[in-house]
Amino acid sequence: MFIILVFFLIILMVGAAIYAIVQKDLLYAVIATGVISLILSALFLLLQAPDVALTEAAIGVALTTIIFIITIRNTVRHEDDFKDRDDLKSAVK
Amino acid sequence: MKKLIVILLLAVTGYFLVDSFMDLGRTGPVVETGVKDFYLDKTVSELKVANTITSIVVNFRGFDTLGEVTVLFLAATALGGILYKRRHHVGERSVLFPSSPIVRAGSKLLFPAIVLLGVYVFIHGHLSPGGGFQGGTIIATGFLLMLLAYDNFSVSHNVLSFIESFAGIFFVLFGFAGMWAGGTFLENFLPVGTMNNLFSGGIIPIVYILVGFKVAAELTGLIYTVLHEKES
């Protein structure tokens, strides 16, 4: 039962990671990476590492996601919004 | 051609790295016995700390923790250095939407609870899971919530840098105090008390409280700098 739960969580993680790569809307991709961190922290808790689980929950889920969202608000939201380097430069500036 | 040279250089470096790290810890009698029994035994018999991970991270491998804190400090410093010229004055920022009254009221309610949880986590680092890094990060998320909810919520950079330098200096000073008391860097020199009490474990709670303050100040400053970047 425990093994099944762990494998289910791992499959969810892989699914979220693939979604984050495929998704063109960067906001959704960032939230998918946040979901990866959330599942990872649950996995750490299940595998008897509560210290690491706390760190992962605080840094991976909250701080990193928020910093990425702020970055998206400062630049562009969709991956197709810039085609070449100059576009990217003007977007970042 | 350039790529080939890079690949060759990486391969040579990798070969020597693997070659030198393969023998790490395999020479001598350490490999037969290992250090884990020593750690477990000392944690219970000498330091009287309930959480073995804390005793390893802060006491036996305290020097590594100092390195980690330094890495975080350098990252925060570099970010502040890059974004320093582009920062806003508080109250005139354009980075975020203005938030709704519901969010404001909710964050005001949640903020003390989050900070209290963070303080609890790092004060009880030697008794329960968690510690300085975890508690500090939780406090920083509380400040993040307030910064997102209120336009004019400001944190004084002077206070932050004062807390950070104070905690960092006292971490190193406690390490040297262990040396001065006749041991090694960060060796315990205070009475350890009884196991499972709040006041036990010698210098471990003190060092973790310092680390908690340091991490909280660093991450709060980092978020503050990122949030108050000018759009232009």
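Between B:Val6 and A:Arg73, what's the calculated FRET efficiency when r is the beta-carbon distance and R0 is 51 Å? Round to 0.05. Mind showing how you got there, number by number?
Numbers: r = 36 Å, r/R0 = 0.70.
Computed FRET efficiency for B:Val6 and A:Arg73: 0.90.
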**Message:** Contact order normalised by length for chain B, with contacts defined as Cα pairs under 8 Å and 6 or more residues apart; what percent is it?
**Reply:** 28 percent
**Prompt:** How far, in degrees from 0 to 90, does helix B:157-180 lean away from the longest principal axis of the Cα atoms of chain B, to the nearest 10?
**Reply:** 10 degrees
**Prompt:** Using a basic spin-label model with each label point 7 Å from the Cα along Cα→Cβ, how many nm lie between B:Lys85 and A:Leu46?
**Reply:** 5.0 nm
**Extended-chain gain in nm, criterion 0.36 nm per residue less alpha-carbon gap, B:Met195 and B:His157** = 9.8 nm
**Request:** Can you tell me the 0 to 90 degree angle between the C-alpha axis of helix B:101-123 and the longest principal axis of chain B, rounded to 10?
**Result:** 20 degrees
**Fill in**
Note on region B:119-232: contact order normalised by length, alpha-carbon pairs under 8 Å, 6 or more apart, percent, works out to 37 percent
**Fill in**
Between B:Arg61 and B:Ser100, the FRET efficiency computed from the C-beta separation at R0 = 51 Å comes out, to the nearest 0.05, as 0.65
**Message:** For region B:47-227, take every pair of Cα atoms, bin their distances at 5 Å starting from 0, and report each bin as a whole percent.
**Reply:** 1, 8, 15, 18, 17, 13, 10, 7, 5, 3, 1, 0
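When only C-alpha pairs under 8 Å and at least 6 residues apart count, what is the relative contact order of region A:2-92, in percent?
27 percent
Since every read-out is calculated from the coordinates, none of them should be taken as a lab result. What you see is a predicted model; the values in this text were computed from it and never measured. No Cβ is skipped: glycine too gets one built from the backbone with ideal geometry, and neighbour counts run over all protein chains shown.
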